[in-house]
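Let me begin by presenting the structure, written as structure tokens, before commenting on it.
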Amino acid sequence: MIGQLRSAPNLLTLLRLIFLPFVVIAVLGGHYRWALAIFVVAGITDGLDGLLARLMEQQTTLGQYLDPIADKLLLSTMFLVLFATHKIPLAVTVLVFSRDIIIVIICSLLYASGAMRVFKPSWLGKANTVAQILTVLFVLLHEIAPDNFWIAKSRQLGFNVTVALTVLSGVHYVIRVAYDLKHQGVKTETHE
């Protein structure tokens, strides 16, 4: 495990986690330029860790768990802090958190019970993550340039798309897991 932690991609993921308190402090202090810069650098490390893992053939089991946890922690924290500072509506934040909590609970129960060990993200889930990232970016940009019409419209579009994709990806995830479990049960019954 320690060897996996020393790999360059996993170190970048840990760096992303280290950025977390600093971006929170920047937002709470009203330093939105700093918050935006830290958030963008964290996003760059997210892209780099995946690229390095493939190029350097350093894909690890730890990285497969750590990377999505770091992503969700960063995004969830940003939504929570931006909600607390009245920059993101309550409904958007509650939907984002509810979906993520439901998915974590389902994954944990299925993993602990041995019913499923692999949870691959769907294209809807990936699209939802992109929508959340863009929403946070436009919210921060709106605080830097509040009079910019296009940024304001993009921020509102981000809220709407995030809500739609959060609901769709959550429902899709539950249906997909139910389908996978049903077919695993059929395979188990036919092999016994």
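Computed from the coordinates by the stated procedures, all read-outs in this text should not be read as laboratory data. The model shown is predicted, which means the values in this text are computed figures rather than measured ones. Cβ atoms come from the backbone with ideal geometry, glycine included; neighbour counts cover every protein chain shown.
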Where in the stretch 140-164 does the label zone of residue 122 land, with the point 7 angstrom along Cα→C-beta and an amide N cut-off under 19 Å?
-> 161-164
Return the sequence-ordered ³J(HN,Hα) values of the stretch 139-149 in whole Hz as given by the Karplus equation 6.51 cos²θ - 1.76 cosθ + 1.60 applied to θ = phi - 60°, using x for Gly and Pro.
-> 5, 5, 4, 5, 6, 7, 10, x, 8, 6, 4
Packing-based ranking, highest mean first, of 12-21, 124-133 given that Cβ atoms within 10 Å are counted = 124-133, 12-21
Could you list which residues have their amide H under 5 Å from that of residue 88, counting only those 5 or more apart in sequence or on another chain, with H placed in the peptide plane?
-> 83
If you plug each phi of the stretch 162-177 into the Karplus form 6.51 cos²θ - 1.76 cosθ + 1.60 with θ = phi - 60°, what whole-Hz ³J(HN,Hα) values come out, in order, with x for Gly and Pro?
-> 4, 4, 4, 6, 5, 5, 4, 5, x, 5, 4, 4, 4, 5, 5, 5
On the formula 1/(1 + (r/R0)^6), with r taken between the Cβ atoms of residue 72 and residue 147 and R0 of 25 Å, the FRET efficiency rounded to 0.05 is 0.15
